[in-house]
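Colleague: Structure below; questions to follow.
The values are calculated or read from the model by the stated rules, or taken from the named source; none is laboratory data. Just so you know, these numbers come straight off a predicted model, no measurement behind them. Methodologically, a virtual Cβ is constructed for each residue, glycine included, from the backbone with ideal geometry; neighbour enumeration extends over all protein chains shown. Note: accessible area is taken over every heavy atom of the protein model, side chains too, but ligands, DNA and RNA are not part of it. Shrake-Rupley method; radii C 1.70, N 1.55, O 1.52, S 1.80 Å.
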Amino acid sequence: MAATEKGLLRLQNGSDVRGVAVAGVADEPVNLTPEAVCRIAMGFIDFLEKKTGRPASDMKVTIGRDSRVSGPELKKAAIGGLTSRGARVIDCGLASTPAMFMTTVFDEIKADGAIMLTASHLPYNRNGMKFFTKDGGAEKSDVKRILEAAACHMADHGNTSDVEKYDLITRYSAFLREKVSEGLKKSPEEKPLSGMHVVVDAGNGNGGFFATKVLEPLGADISGSVYLEPDGMFPNHIPNPENKQAMASIKNAVLSSHADLGLIFDTDVDRMGAVLSSGEELSRNSLIAMIAAIIAPEYPGSTIVTDSVTSDELTVFLEHALGFKHLRYKRGYRNVIDKCIELNHKGETSPLAIETSGHGALKENFYLDDGAYLAVKILIAAAKARIAGVNIGALIGKLGHPAESREYRMTISGVDDVQAYGARVLDTYRSRAAKKGISAAEPSYEGVRLVFPNGWALLRMSLHDPVMPLNIESKEQGGCATIAKEIRGFLSGLDALDIGVLGK
């Protein structure tokens, strides 16, 4: 394998491309250069040619970016690569990742492929590429093929100035407004959100449009919204619904402005979180519960697919309060989405695939993980609850919560084959626990989940790093530390695994 090919392949991060695009951070040399992006865009055209059986000259490809400071330069490089291959390119400017997929759906565009330049919630110096066709987001195997094809090209910056421009966010916002209006059985002109006060925290990512182009035109009061202006240095907080500072920011915006609801998005708007008027956060298990409760009347007895670290209390809520089946699957948004698609193709209805990270995809919306679309579902439910004189929080009133939850990340070092070593650790973990009378939950699609009298502990391999995360939940205060201490004994003697984080 050529050195340049190795370098390109190292940019793969699951079903995305990720890399360092801005110099200046210690020990983080730039590897996602304009040259690399140009070649990867050329490789995407190779991928599309093989997928469609049509030449590049018959291709229409859209491109958009998030607010990162490296975005304009990398977009220019990608356009150069696309046009050098003869493709027709449509520049969508600042966009969201879900909106870029919709360019393959909207009748007036019907793109053959789409590229979004984003690194989601990562720091300002990072950037990346996500790829779409009309069949959805690229799979991990697709991205590998794109990068292998890229390695066969020399960077060729074609025509970067004379490309079509398209105001995608305006078109996409109209699509979202129609969905709200349909859900509330009123036309957009009737201002169906009049009387509602909804604040948005975009974290200076790309989600500010939801306040100004979706909520406000539908009649909502958006005063108190914060950080709507795109700023790729992210000066206020990381745009990430999993980040404590970010959630504290939207909670403060809700409480200080006495809003009915708060919405927060990640940088490229494929994830979201929310805060109710009381200050209660909708994230992780509670977000999953809320979306499930909203769609429950339409899909009785169907299957909700989540990642592996959801709580036992969520399972009880989904299965006993809502009548769903709950499938805990592998972590990784593509994993849960692909499982949802697989179930539906087999004839088992699965309306929702959703991770605790805030990635949520609905069958009704092309299985697309779209934070703005989830926000629309919550908005409709909140508006209906307001009309009925109740609080939307009542939908998840029966959801229980663990007393404690913790994640410990243990690094693996000094071994050549990290995956093989991780498998050995899991076998040891399971067998030593069994000797102590602690059983593993079955089936397990990822790692080993031990069931304790007062909780559970899931040990697994990281999707991308030489790390073994250990997630523990306890029904008792102090229980996580007690379980972690017992697990430390199960893992002792495995010298390449750093168990120091588990205490003594």
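Colleague: Take HIS401 and decide whether it is more than 24 Å from LYS179 (Cα to Cα), at pLDDT 95 or above, part of a strand (DSSP E or B) and not aliphatic (A, V, I, L, M).
Modeller: Working: more than 24 Å from LYS179 (Cα to Cα): yes; at pLDDT 95 or above: yes; part of a strand (DSSP E or B): no; not aliphatic (A, V, I, L, M): yes.
Judged against the criteria, HIS401 is not a match.
Colleague: Filter region 78-113 for residues that are surrounded by 23 or more Cβ atoms within 10 Å (Cβ to Cβ) and hydrophobic (A, V, I, L, M, F, W, C) and give the result.
Modeller: Those that are surrounded by 23 or more Cβ atoms within 10 Å (Cβ to Cβ) and hydrophobic (A, V, I, L, M, F, W, C): ALA78, ILE79, LEU82, ALA87, VAL89, CYS92, ALA95, ALA99, MET100, PHE101, MET102, ALA111.
Colleague: Would you check if GLU216 is open to solvent by 20 Å² or more (accessible area, probe 1.4 Å), acidic (Asp, Glu) and touching a strand residue (DSSP E or B) at 6+ places or on another chain (Cβ under 9 Å)? Please lay out each step first, then the result.
Modeller: On the way: open to solvent by 20 Å² or more (accessible area, probe 1.4 Å): yes; acidic (Asp, Glu): yes; touching a strand residue (DSSP E or B) at 6+ places or on another chain (Cβ under 9 Å): no.
No, not satisfied.
Colleague: Does region 58-73 hold any residues that are out of contact with any Leu (no Cβ under 6 Å at 6 or more places or on another chain) and either among the small types (Gly, Ala, Ser) or not in a loop (DSSP other than H, G, I, E, B) (or both), and which are they?
Modeller: Within region 58-73, ASP58, LYS60, THR62, ILE63, GLY64, SER67, ARG68, SER70, PRO72, GLU73 meet the criteria.
Colleague: Working only within region 313-333, note down all residues that are of a type in the set (D, E, K, R), buried (at least 18 other Cβ atoms within 10 Å of the Cβ) and in contact with a strand residue (DSSP E or B) (Cβ under 8 Å, 6 or more places away or on another chain).
Modeller: ARG328
Colleague: Of everything in region 126-183, what is closer than 30 Å to MET196 by Cα and free of Cβ contacts under 8 Å to residues at least 60 places away in the same chain? Give them in sequence order.
Modeller: Of everything in region 126-183, those that are closer than 30 Å to MET196 by Cα and free of Cβ contacts under 8 Å to residues at least 60 places away in the same chain turn out to be THR170, SER173, ALA174, ARG177, GLU178, SER181, GLU182.
Colleague: Does ILE238 fit the bill of being open to solvent by 30 Å² or more (accessible area, probe 1.4 Å), among the aliphatic types (A, V, I, L, M) and closer than 22 Å to VAL309 by Cβ? Break it down stepwise before answering.
Modeller: Working: open to solvent by 30 Å² or more (accessible area, probe 1.4 Å): yes; among the aliphatic types (A, V, I, L, M): yes; closer than 22 Å to VAL309 by Cβ: yes.
So ILE238 passes the test.
Colleague: Which of the residues belonging to region 18-32 are over 16 Å from LYS144 (Cβ atoms) and either in contact (Cβ under 8 Å) with a residue 24 or more places away in the chain or touching a Pro at 6+ places or on another chain (Cβ under 8 Å) (or both)? Write out each step before concluding.
Modeller: If we filter region 18-32 for residues that are over 16 Å from LYS144 (Cβ atoms), which is where we start, we get 20-32.
Residues satisfying the conditions are VAL20, ALA21, VAL22, ALA23, GLY24, VAL25, GLU28, ASN31, LEU32.
Colleague: May I ask you to say which residue of VAL275, VAL254 is among the β-branched types (Val, Ile, Thr), modelled with pLDDT of 95 or more and either open to solvent by 10 Å² or more (accessible area, probe 1.4 Å) or in contact with a Lys or Arg (Cβ under 6 Å, 6 or more places away or on another chain) (or both)? Before you say what the answer is, go through the steps one by one.
Modeller: Working: VAL254 fails: either open to solvent by 10 Å² or more (accessible area, probe 1.4 Å) or in contact with a Lys or Arg (Cβ under 6 Å, 6 or more places away or on another chain) (or both).
The match here is VAL275.
Colleague: Would you call ARG54 at pLDDT 95 or above and crowded, with 23+ Cβ neighbours inside 10 Å? Lay out the reasoning, then the answer.
Modeller: On the way: at pLDDT 95 or above: yes; crowded, with 23+ Cβ neighbours inside 10 Å: no.
So ARG54 fails the test.
Colleague: Next question. Tell me whether region 230-239 contains one or more residues that are touching a residue at least 40 places away in the same chain (Cβ under 8 Å) and of a type in the set (Gly, Ala, Ser). Explain how you work it out, then say what you get.
Modeller: Kept after step one, since they are touching a residue at least 40 places away in the same chain (Cβ under 8 Å), are these residues of region 230-239: 230-234, 238-239.
Right, trim to of a type in the set (Gly, Ala, Ser) and you get 232.
Taking every residue of region 230-239 in turn, at least one turns out to be touching a residue at least 40 places away in the same chain (Cβ under 8 Å) and of a type in the set (Gly, Ala, Ser).
Colleague: Scanning region 346-384 for residues that are basic (Lys, Arg) and either assigned to a loop (DSSP other than H, G, I, E, B) or free of Cβ contacts under 8 Å to residues at least 40 places away in the same chain (or both), which turns out surrounded by the most Cβ atoms within 10 Å (Cβ to Cβ)? Even if it seems obvious, please write down each step before you answer.
Modeller: Taking region 346-384 as the starting set, the residues that turn out to be basic (Lys, Arg) are 346, 363, 377, 384.
With either assigned to a loop (DSSP other than H, G, I, E, B) or free of Cβ contacts under 8 Å to residues at least 40 places away in the same chain (or both) added as a condition, the list becomes 346, 363.
Details: LYS346: 8, LYS363: 18.
Restricting to residues being basic (Lys, Arg) and either assigned to a loop (DSSP other than H, G, I, E, B) or free of Cβ contacts under 8 Å to residues at least 40 places away in the same chain (or both), the top hit is LYS363.
Colleague: If only one of LEU450, LEU458, LEU395, LEU426 is in contact with a Gly (Cβ under 6 Å, 6 or more places away or on another chain), hydrophobic (A, V, I, L, M, F, W, C) and at pLDDT 95 or above, which one is it?
Modeller: Numbers: LEU450 fails: in contact with a Gly (Cβ under 6 Å, 6 or more places away or on another chain); LEU395 fails: in contact with a Gly (Cβ under 6 Å, 6 or more places away or on another chain); LEU426 fails: in contact with a Gly (Cβ under 6 Å, 6 or more places away or on another chain).
After applying the criteria, what remains is LEU458.
Colleague: May I pose another question? Give the residue, chosen from MET42, MET116, that is farther than 28 Å from TYR373 by Cα and open to solvent by less than 40 Å² (accessible area, probe 1.4 Å).
Modeller: On the way: MET116 fails: farther than 28 Å from TYR373 by Cα.
Result of the check over MET42, MET116: MET42.
Colleague: Before we move on, is LEU343 more than 21 Å from the chain's Cα centre (by Cα), modelled with pLDDT of 95 or more, assigned to a helix (DSSP H, G or I) and at negative phi?
Modeller: Numbers: more than 21 Å from the chain's Cα centre (by Cα): no; modelled with pLDDT of 95 or more: yes; assigned to a helix (DSSP H, G or I): yes; at negative phi: yes.
The answer is no for LEU343.
Colleague: Also, quick follow-up: Take the residues of region 65-86 that are touching a Lys or Arg at 6+ places or on another chain (Cβ under 7 Å) and among the small types (Gly, Ala, Ser): which is farthest from ALA138 (Cα to Cα)?
Modeller: Only one residue tops the list, namely GLY71.
Colleague: While we're here: Are any residues in region 261-283 in contact with an Asp or Glu (Cβ under 9 Å, 6 or more places away or on another chain) and more than 18 Å from THR118 (Cα to Cα), and if so, which ones?
Modeller: The answer is GLY262, LEU263, GLY273, ALA274, VAL275, LEU276, SER277, SER283.
Colleague: Pick from region 397-445 the residues that are under 21 Å from LYS475 (Cα atoms), in contact with a strand residue (DSSP E or B) (Cβ under 8 Å, 6 or more places away or on another chain) and hydrophobic (A, V, I, L, M, F, W, C): which of them is least open to solvent (accessible area, probe 1.4 Å)?
Modeller: ALA433
Colleague: I would also like to ask the following. Being open to solvent by less than 70 Å² (accessible area, probe 1.4 Å) and touching a residue at least 60 places away in the same chain (Cβ under 8 Å) is the filter; apply it to region 57-74 and report the residue that is nearest to ALA111 (Cα to Cα). Give the derivation first.
Modeller: Taking region 57-74 as the starting set, the residues that turn out to be open to solvent by less than 70 Å² (accessible area, probe 1.4 Å) are 59-68, 70-72, 74.
Now drop any that are not touching a residue at least 60 places away in the same chain (Cβ under 8 Å), which leaves 62, 64, 66-68, 70-71.
Numbers: THR62: 6, GLY64: 13, ASP66: 19, SER67: 23, ARG68: 24, SER70: 25, GLY71: 21 Å.
Taking the candidates together, the pick is THR62.
Colleague: Scan region 184-198 for residues that are buried (at least 19 other Cβ atoms within 10 Å of the Cβ) and touching a Lys or Arg at 6+ places or on another chain (Cβ under 8 Å) and jot them down. Give the steps one after another, and end with the answer.
Modeller: Pass one, region 184-198, residues buried (at least 19 other Cβ atoms within 10 Å of the Cβ): 192-193, 196-198.
Passing the criteria: PRO192, MET196.
Colleague: Go through region 407-433 and count every residue that is on the phi > 0 side of the Ramachandran plot and among the hydrophobic types (A, V, I, L, M, F, W, C).
Modeller: Kept after step one, since they are on the phi > 0 side of the Ramachandran plot, are these residues of region 407-433: 414.
The next check asks that each one be among the hydrophobic types (A, V, I, L, M, F, W, C); those that pass are none.
Total meeting the criteria: 0.
Colleague: Still on this structure, please answer the following. Exactly one of these conditions fails for VAL30: (1) in a helix (DSSP H, G or I); (2) open to solvent by 10 Å² or more (accessible area, probe 1.4 Å). Give me its number.
Modeller: Among (1) in a helix (DSSP H, G or I); (2) open to solvent by 10 Å² or more (accessible area, probe 1.4 Å), VAL30 violates only (1).
Colleague: Something else now. Suppose we filter region 424-443 for residues that are not in a loop (DSSP other than H, G, I, E, B) and not aromatic (Phe, Trp, Tyr); how many remain? I'd like the intermediate steps shown before the answer.
Modeller: Let us first name the residues in region 424-443 that are not in a loop (DSSP other than H, G, I, E, B), namely 424-435, 440.
Adding the requirement that they be not aromatic (Phe, Trp, Tyr) leaves 424-428, 430-435, 440.
Within region 424-443, residues that are not in a loop (DSSP other than H, G, I, E, B) and not aromatic (Phe, Trp, Tyr) number 12.
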